[in-house]
Amino acid sequence: MEGAVCVFLLLSPSWAAVLQKWATPHFDHGTTIGHVNSHTVREESGLCASRRHTNILYTHNDSGDSARFYALDVTTAHIKATLNVEGATSHDWEDIACGPCVFGHSGWCVYIGDIGGNTGSGGENKIYMVREPPSIHDNTLHVLETLRFSWDEHNAETLMVDPEGELYIISKVDGGRGKLYHIPKEAWVESSHRYQLSGGVEIPTPDHGRGPVAGDISPNGQKVLIKTYHKIFCWNVGHRRDYVAALMAPPIQVPYIQEHQGESVCWDPNGSGYYTISEGTSEALHYYKRLS
């Protein structure tokens, strides 16, 4: 059997009665596009596909870099621009997500999650909203809004945004069974205070290591990818876009070229495939194309 299949979930009030049907998408086993050509990009810890610029992904380093991210050419894996972020600090940036701007801001934005807990004492628990640049070249961008939140978890490496601008964050825990939390758009209204997250739901991403370490919602909002260190899982959420309910069901594992410390995954802008890249210098960018 070539590739792997996402599962389509028909949600019902009782999860014992949830029906699973095979959906049509199949993905190939991955190809290497190229290698990152910048020694400045050495600890890639997030990835998202630009909604404004063709053939551009955004990535960033983990802790230890300044407040900046990078534009990467998907045809070569080469860095096209360094984008400094004025009004932000970088404690432990762990993921980046692309989607619509919210809270009265129009256009397309990049959401940067300073959500990691590498120091062992919990993270900054901040999410920055930054408008995508009008063109791809070295530039300084400005933070539009900063969302601060509190929760009972100590670490996270997964930040996702849906087509409506709703945010989702997943805690990183032993065994890969992190908890999914929803951050509604209304949370930005109280950006001067910390929004309290509650009601986290454990999701079934079984792995022997810690995780999840990355995730992404497809541009049409109907599919979700979540990555652990060794595996990638896929859910087909459907038109209802009830992510919390859908991600409680067992996922389908999809292809992944093993990387030594892969902490990034994202859909392409059309939802017709996905990308991965590992932390490190001159790392390979991999693409997994949808076959049908």
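Annotations
- Pro133 vs. criteria at pLDDT 95 or above, out of contact with any Cys (no Cβ under 6 Å at 6 or more places or on another chain), more than 25 Å from Ala246 (Cα to Cα) and not polar (S, T, N, Q): yes
- Against the criterion of being out of contact with any strand residue (DSSP E or B) (no Cβ under 7 Å at 6 or more places or on another chain), among the aliphatic types (A, V, I, L, M) and closer than 27 Å to Leu197 by Cβ, Val85 does not qualify.
- Any hit, region 222-245, residues being buried (at least 19 other Cβ atoms within 10 Å of the Cβ), in contact with a helix residue (DSSP H, G or I) (Cβ under 8 Å, 6 or more places away or on another chain), of a type in the set (Phe, Trp, Tyr) and closer than 26 Å to Asp114 by Cα: yes
- Among the residues of region 60-78, those that are within 14 Å of His286 (Cα to Cα) and in contact (Cβ under 8 Å) with a residue 24 or more places away in the chain comprise Leu72, Val74, Thr75, Thr76, Ala77, His78.
- Here Asn220 fulfils each of the conditions (1) in a loop (DSSP other than H, G, I, E, B); (2) touching a strand residue (DSSP E or B) at 6+ places or on another chain (Cβ under 6 Å); (3) over 22 Å from Asp62 (Cβ atoms) apart from (2).
- In region 250-292, the residues that are of a type in the set (Lys, Arg) and at pLDDT below 95: Arg290
- Residue selection: Arg194 satisfies the criterion of being farther than 23 Å from Val36 by Cβ, surrounded by fewer than 16 Cβ atoms within 10 Å (Cβ to Cβ), touching a residue at least 40 places away in the same chain (Cβ under 8 Å) and not polar (S, T, N, Q).
- In region 263-292, the residue that is farthest from the chain's Cα centre (by Cα) out of those that are part of a loop (DSSP other than H, G, I, E, B) and closer than 14 Å to Ile33 by Cβ is Ser282.
- The strands (runs of 3 or more DSSP E) located wholly in region 1-107 include none with 3 or more residues which are more than 17 Å from the chain's Cα centre (by Cα), of a type in the set (Phe, Trp, Tyr) and at pLDDT 95 or above.
- Failed item, numbered, when His260 is tested on (1) in contact (Cβ under 8 Å) with a residue 24 or more places away in the chain; (2) more than 22 Å from Thr75 (Cβ to Cβ): (1)
- Search result, residues across region 173-194 that are more than 21 Å from the chain's Cα centre (by Cα) and at pLDDT 75 or above: Val189, His193, Arg194
- Counting only strands (runs of 3 or more DSSP E) that sit completely within region 131-174, those holding 3 or more residues that are loosely packed, with under 15 Cβ neighbours inside 10 Å correspond to 139-150.
The values are calculated or read from the model by the stated rules, or taken from the named source; none is laboratory data. Being a predicted model, the structure only gives us computed values, none of them experimental. Glycine gets a Cβ as well: all are built from the backbone with ideal geometry, and neighbour counts include every protein chain shown.
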